[in-house]
Each structure stands twice: as structure tokens, then as C-alpha cells.
1. Name the residue that is farthest from the other protein chains (Cβ to nearest Cβ), counting only residues in the range B:3-20 that are under 26 Å from residue B:86 (Cα atoms) and of a type in the set (A, V, I, L, M).
2. Take residue A:147 and decide whether it is out of contact with any Cys (no Cβ under 7 Å at 6 or more places or on another chain) and closer than 13 Å to residue A:86 by Cβ.
3. Evaluate the range A:510-521: report whether one residue or more is surrounded by 20 or more Cβ atoms within 10 Å (Cβ to Cβ) and among the charged types (D, E, K, R).
4. Take residue B:23 and decide whether it is facing chain A (nearest Cβ under 8 Å) and either at pLDDT below 95 or more than 30 Å from residue B:151 (Cβ to Cβ) (or both).
5. Name the single residue that is surrounded by the most Cβ atoms within 10 Å (Cβ to Cβ) among those in the range A:122-175 being farther than 21 Å from residue A:57 by Cα and among the acidic types (Asp, Glu).
6. Of the residues in the range B:1-41, how many are outside any loop (DSSP other than H, G, I, E, B), in contact (Cβ under 8 Å) with a residue 40 or more places away in the chain and hydrophobic (A, V, I, L, M, F, W, C)?
7. Would you pick out the residues in the range A:396-426 that are within 14 Å of chain B (Cβ to nearest Cβ) and under 24 Å from residue A:276 (Cβ atoms)?
8. Are there any pairs with C-beta distances below 8 angstrom linking a residue in the range A:661-673 that is more than 9 Å from chain B (Cβ to nearest Cβ) to a residue that is of a type in the set (D, E, K, R) and not in a loop (DSSP other than H, G, I, E, B), with the two at least 6 apart or on different chains, and if so which?
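The values are calculated or read from the model by the stated rules, or taken from the named source; none is laboratory data. Since the model is a prediction, treat every value here as computed from it, not as a measurement. Backbone-built Cβ (ideal geometry, glycine too); neighbour counts: all protein chains shown.
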Amino acid sequence: MSEIIIENLSRRRFLQGSAGLTLGFCLPVMAAGAAGKSGVVAASPASFEPNAFLRIGADNSVTVMSKHLEMGQGTYTGLATILADELDADWAQVRVEGAAADAKRYNNTFWGPAQGTGGSTAMANSWDQMRKAGASGRAMLVSAAAKRWQVGAAEIVVRDGVVSHAGSGRKASFGELALDAANEAVPTEVKLKDPKEFRLIGKQAKRKDSAAKTNGTAQFTQDVFLPGMLVAVVAHPPQFGATVQSFDASKAKAIKGVVDVVQIPQGVAVLASDTWSAKKGRDALSVTWDDSKAFKLGSDEILVKYKEMAKKPGLVAANKGDTAKTFAGAAKVVSASFDFPYLAHAAMEPMNCVVHLKADSCEVWNGEQFQTVDQGRVAALFGLKPEQVKLNMLYAGGSFGRRACTQSDYVLEAAHIVKAINGRAPVKLVWLREDDMRGGYYRPLFHHALEAALDGSGQLVGWHHRLVGQSIIAGSPFEAMLVKDGIDHVSVEGASNLPYAIPNLLVDLHTPTDIGVPVLWWRSVGSSHTAYSTEVFLDQVAAAMGKDPVALRLELLTEHPKHAGVLKLAADKANWGTPLKAAAGERRGRGVAVHESFKSFVAQVAEVTVKKDGSIKVDRVVCAVDCGTAINPDNIRSQVEGAVGFALSAALHGEITLKGGRVEQGNFDTYPPLRIAEMPKIEVHIVPSTGAPTGIGEPGVPPLAPAVANAIAAATGKFLHRMPFNTAELVA
Amino acid sequence: MIKLTINGKVHQLDVAPDTPLLWALRDSLQMTGTKYGCGQGLCGACTVHVDGKPVRACSTPVSAVVGHKIRTIETVDAERVGKVVQEAWRKLDVVQCGYCQSGQIMSAVALLSQNRKPSDADIDTAMAGNLCRCATYVRIRAAIHEAAKALA
């Protein structure tokens, strides 16, 4: 097929344009693999390279290159919507391809010289970039048409994929102009649309991946087959930090289909012609583990330790006024503590990766979320340069943060297996569900202690929030960017920036460093626990003050109109303040929470029924969202619906526990995600906005659990202080 | 050799009789629409039809389905109910990550083949075995009702 690439704008201009957002940090793996490459690109004129997001085929196809992973959040559709709108393409002619791993062209503009997807940044960091990419493509098509038709460019109209000139009656498709357009100069300045002119943004552009994901043709890593490929299933140590002492592979090797058994740093890998043979081989292995360096505590013991740490002051993350004096002089002090478990991401597609080592290069197939980090690490392992490692970004069957592993765990595991067999065959590493569940990189276990001071007139004048939990960022490539003065920003986000107008506020943090459980961001990261403790505790304070939870929040949100805006909208749509009917023997309640995360604002009102036996049914959740310009309103609704279900899953069921360092859960029987009968009715209301778009993949998660807990408290008078909820406390 | 009838075609497979149907489909035939999620019949990502009934392929040995008619997501649109369900899924943009959706659709088609007007309670029962970690359940429910309307 004859295709041309319209090269859009230089990287240099993008970096200049986004200098305020470009956070300087250096990736150690990159620095090791390619000295001088990271960090200096922006300043060097030699790096004046084209940025390619758009390809228009002579067949009239418009292909948008997505630099971000599609893991369900709708990024392929969202990025294409932005570009196609400025290009004035017809939505039906637009398709999306995963971009190559190339931090020069495809870096996340919020992350400096690193490519990756996360922090609900895909739309926000790409907004200007994709608009300019589309607009410059449009300008080049117009220039080509103007030349061909000998008319003024200003007289040419582009609409729904057709370029036309009213005066001469000429018109052409993009495909007919593509080859000419390729010879046009890339414009240095492009005029972007006024939001009033948007034809796709803010409308109902349908998902681009619906067809492939409903007929079985969507390609996930699990679906990759290469000639001569072996499938690897690995025996992993039963505790974090344990290693292989010895193993006997004789029984495994006797199984038909098993080709080889190799030791790798992560355990013992069985390679077979197919997955079932590899699994049988793995199960037939006899491995003796060296647990001398293993982490052996249970989660109960970790929590006891954290509670002890919480008795002493931690490092100060936020400090305003004089909390010591305020609490000493308080008329009333309200206090509570909260416990949060380790949580597995438990994406439906367990982690997996395909690696093919060639003579002087390497090719990887993966639901690739963290290109620059993974590429650097794989390259270092094989002694290659990062650009010699080609990453194929496939659809990910969920991630929720897991595929952006700070340590590239499963990607490196696959690469180590290939190294152990000297690259003689491409290898697909398949984690079985139990490998995935016990593979670590969990949302960290946290303990929070809060107290609030009321003065003699009953006003909330002091707030003290102490958190204890492992750092996600320490030891990761993001450490220089996100850990300041010993405070991991993501440990306290949502707590240290409490929006409420309380004159005296102290937030302090303990970060234990001797816990050997690997931890990672889990959809909404710090806000997955801080929203719960702050919003449930505020309702507890409201109860002590005799105030309505919505009214108190609005009183305290005078400086934060966006919080107040979504709160009012959700309360209004949920008929806050009107009575709820309960059936005989049942208790019902309505609860609210509001939280900012990833620069978006979400309020939720939950309606909950509590039965005599303490069991809970969340009947309805009304959500209000302010995420700037709504690129795809239906996708925003879809993400918030999903976030409600994901968060409710954690509130009702989610818990990874350790005993003697061993993870007790293994599959969906012991770590049960939410099922359809538990799903509430959901309404999503979007605040109209012409502001730059902000995140939506994660921000729907944080307010849900506290809204439900506050509804339970409204129904029963009982505030729940641990997740998952202990319904035994609610027996009537 | 094991002889299986899948999507109307007969396949001869050189696999052990205890091999789960899931891995025979995926690894022997590269019919990858049917997904692995748990290996224990807990998540439904591997749901296929055996003689029209939903079955978890991950915990069904190939020896148990010899002589039976197996249908997978790849040809679910060969019959009207399957086609209508797929269309409803697309109309409502049900999918997110998409990994569980083959299984969801196979369960929904089996439901609607038996019950042309399912209630919410019928849907909860029929779909109870299909997990969706993206929690697309609101739209799964709506799409089943949408398909039921189209089939009426």
C-alpha cells in the first residue's frame, strides 16, 4: 500500500512549548545504557527530529499513532478523537496503531524524556500535541489542494474527510491529496480550532476497539505466536526474597512437550511447546528454596509494627498554623484510625511477555506501559543499546498500574529466560493466575491515624493526619522527581493537600524501609487510601459537630470551587436530604465523598442498604465529574462506571494477606473481584468545561469507598475503619 | 489423536486427553479469541458453547467434548442471537480492556438463546460466572436488554 507519513512539528518545539510541564528527571537505566542520551535531547539542536502521530494512506485511511497503551481506559479512541477533530477527518476513516517505543518522538510530555502511560495523563499530556498534529496535517492537505486547484488556501474548506473549494466546485478526499501533501512544508505555526468548532471532541465518537474486542480478534500479549516459540511457566519462590537453592527437573523433563528447564534469578522456568505442557512441567518440578534472605512477616505483624510507629511523629508532609497548641486548647477532640490492606491489581490478563532475541537486536511483545524503563532494562541485560530493543505495544487486558512496573519485573523475567537459553528460541512467558496474584507489586498496606480539634464554639480548627506505609517511588526511576525530603509524594497525595479550610493542619508520614513486599501504584495510587480516611473521618467530625456532611464540606470548600461544584452537582442529582425508603428489617443510608486526583474532581453520593446480617448492597451511585474538556463524554461515563465497580470490589472484598511471608490468596476464589449482581446503578454527570482535559482513568476510584462507608454510617451509625469492610460490625 | 468439532469444522489434534479445551483452542489451533484468566472456572474468560450451553474451556478436558459441537467467539455471529449480541455490545461501547468480553458475549448469547426476555435477576444469574475487572457490568446488563429488544 502506498502511504506517506505527514511529519508533524518538531520535538524541539514541543519541548519548548511544554517547558513548564517538563519535569527534569533522569532514568538511571537509561543513563547506564546510553550515556548522555537522557535529559540532554531537548537542549541539543542535533535532536531536531520529526514527531509522527499521523499517517494518511492513499487508500484514504487516517492512522493515528498512539504513544499510549490502550488498557481499557479508551486512550486509543481519545487520542484519535483529538487529532481527527483538528484534521477534520471523517471518524469512520480513522484507525489507531500503537506507536513504537521511541522516547524522542513519543515521550510523555509530563515525564520528561520518558515514554509511558500512567497517572491518568494520556489525554492531558497529549492534548496540545495531538491537536497540533491534526491541525498541521490539515494545513498540509489544504496547501496541496490549493496548489493542485490553483486557488487560495483560505478559500478551501475541510469537513468530514473531504477537502473542497466552493468557487471551483472541486473536491478531493484525503487519500487523493496524501502524496502531494507529503511534499508540503511542515507548518511552523498552526491555528487550532475554537472549541465551538469541535465536531468530534465532546460528541459521541465511538470506541475504535469495540469491533476487535467483540469478535475475538483483538491482539493481546497472550495471543502472540511466533515460529519456533516456546512457552515458559515459572516456579516462583514462596516468599519475597527467597531464591533457588537446588532443583530436580527430571520429572518435569519427562513430560511430553517440555523442552528445557532453566534457572533464572526469579526462579526456575519450564519451557515447553505449549502452555499446558509448560504448566504440567512446572507443577512436576521439585525445587528447594533458600529462604535465608526471605521476608517472613505476616500482614498482621506488619500492621502491629505500623501501629507502633504511628505513636511517634513522622516526617512532616504538610504543616499550617500551630496544631500542637490547637489540640492542647481544644474543647473537643475526635480521633480515629484506619487500616488498608495490600491489594493486587488482578488484571484479567495475567502478566505475560514475549521476547525474541536476534543477532544484534531484540523484539518484545507486551501490553507495554512503561516503554523507556523496560527498553532500557532489557537492553542492559542483553548488552544492547535501547534503540536495538523494539517494543511492540499490544492491547493490555487490564493493568490498573501493574504493567508500569518500576522494576520491569515480568518483562525482565521473560528476558532472563531467553538469556538462559542463549536466545535459541523466542519465548512467551505466561504467568498463571496464581503467579500473578502472588507476584507482589501490590498497593501498599497503610495505617492512618487522624484527629480533629473543635474549639469552644464547635468550629473545626485543627486536623492531624499521620500515615504509615511503604514508599512506592523509593528505588524507582521516579525517585528524584517524586520523593522530596524523605516524603514520597504518592504516599500522602490526597492527605497533604486536604482542600478543607482548617486553620491548623499537620500531615506526617512514616515510611518503613524493612518490609520486603514489593509495592506499586494501583489505580488512583495514594488516593486509594487517603480519600477514604479523610472523607470518612470528616463525616465522623460532622456527626460530632451535628452538621450535615454536604453542608459542612461546602462551608470548608470556599477556596476550592471545583470541589464544591461537583459536590453540589452530585448532591443535587441524588436528591440529597430527601428520605430513603427502607424495607422492613433493612436500614438504608446515603453518603457522600468528594476528592481531587490527577487534577480532576469527582463527587459521589452512594445509596446503600444494610441487611440485618450486616450484609451490604450498594443500590445506586450518583457521580459528578469535572475533568476539563470532555473529549469523549461516553468514555468518561464508562470510566467512572468502571471505577465505581473497581473501587467497590476493594471496599467489599479486596485483601492480600501474608502469613510467614507467604501470600495467602492465589485465585479469584480467595481474592474475589466484584461480580455483576453486586454492581450498583450508576449515574455520571459531567461538568461542562472548556479547560484543558485532565485525568479520568483513575479519579472515579477514590470517592467511592468513603461515600459507601458514609452511607453505611448514615444507615447504622457505625463508621467503618478498615478496608475491606468488616460487615460483622453491622449486624443489627 | 483427538477429534473435535469446532465451529462446524472437524479438527484432529495431537494433544493429551487431559488437555483443557482452552489450550487446545489457543495453542494447537491458534484460536485466540477464547481467553485464559484463572484456569479454575472462576472467571469465565474462557467461556465457549458446547452443544449450545456455556462451558468453561479452562476446566473442560478435550476428552470430554469429543463428539460434541463446540462454538467459540470466532463464529458466534454465524447465528442471529450471536450477531445481535455483538451489535448491542458495539452500539453501547461495552468493552474496556476487552479481555473478558469474549466470555461475556458467549454467556450472554447462551442466556438469550434460552430466554428472549431476561430480567435483571436472570442476567445476574446467567452472568454470575463472568468476571470483568474493568467492571463493565452496567453496560453488559444494558447490552443484554438491548439485544433482547432487537430479538423480540
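1. B:10
2. Here the answer is no, as residue A:147 does not meet what is asked.
3. no
4. On the way: facing chain A (nearest Cβ under 8 Å): yes; either at pLDDT below 95 or more than 30 Å from residue B:151 (Cβ to Cβ) (or both): yes.
Yes, satisfied.
5. Per the criteria, the residue is A:128.
6. Count: 6.
7. Hits for the range A:396-426 are A:396, A:397, A:398.
8. Qualifying pairs under 8 Å: A:666/A:433; A:666/A:434.
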